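Only one structure is covered here, and it is reproduced in the block below.
Derivation of every value follows stated rules applied to the coordinates shown; laboratory data play no part. Everything numeric here is computed off the predicted structure, so don't read it as measured data. Using ideal geometry, Cβ is built from the backbone for each residue, glycine included, and neighbour counts are taken over all protein chains shown.
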Amino acid sequence: MIRIKRTNSDDQDFIHLVKKLDEYLAVCDGDEHDFYDQFNKLDKIKHVVLLYKENTPVACGAIKKYSEGIVEIKRMFVLPGERNKGYASKILRILELWASELGYTKCILETGKRQTEAIGLYTRNNYKRINKYSPYENMENSLCFAKTLNKNEF
């Protein structure tokens, strides 16, 4: 049984999954990890989605206001043993719906060139490459994406 929960960054299940995400990113990002890590602090995230399989949290994602009308997708993660089951796309759609409900009209996100699974996820979900936005403009490893939210999708 799959269950979705809307919560915030104080949720202990989210904190647990983010620790796993950070361990994964420390390997992927290598020497650049400290730069990226400073923009992923949990105290500023008010909108978190958790996906549970049975009663175990297996995936998460979040949104954070970037600017007027624009929200940034943050902290997307699926446990390695639970990947390729559509969980990340499901979380992404719920985050987009929540952003739309909150009045946002566009989602942006940053991922690394080495994170090929993430790049595939975002392109499959109609995110388009954009110029790098602040604070990623000078990061060679960064790729940035955006999607305009269409209320008719929801």
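Here are the numbers for this structure:
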read-out	value
Dipole magnitude of the chain about its Cα centre (Cβ charges: Lys, Arg +1; Asp, Glu -1), debye to nearest 20	700
Difference of contour (0.36 nm per residue) and Cα-Cα distance, GLU101 to LYS128	7.5 nm
Separation of the THR116 and TYR52 label points, Cα + 7 Å toward Cβ, nm	3.6
Full-stretch length increase - LYS44, THR7 - with 0.36 nm per residue and alpha-carbon distance subtracted	12.0 nm
Positive-end residue of ASN138, ASN125, GLY86, charge dipole of the range 83-146 with Cβ unit charges	GLY86
Estimated [θ] at 222 nm from DSSP helical runs (n ≥ 4, -39500 (n - 2.57)) normalised by residues in the chain, nearest 500	-9500 deg cm²/dmol
Rounded, prolate or oblate (a/c below 1.5 giving rounded, otherwise prolate when a/b exceeds b/c) for the chain by Cα gyration tensor	rounded
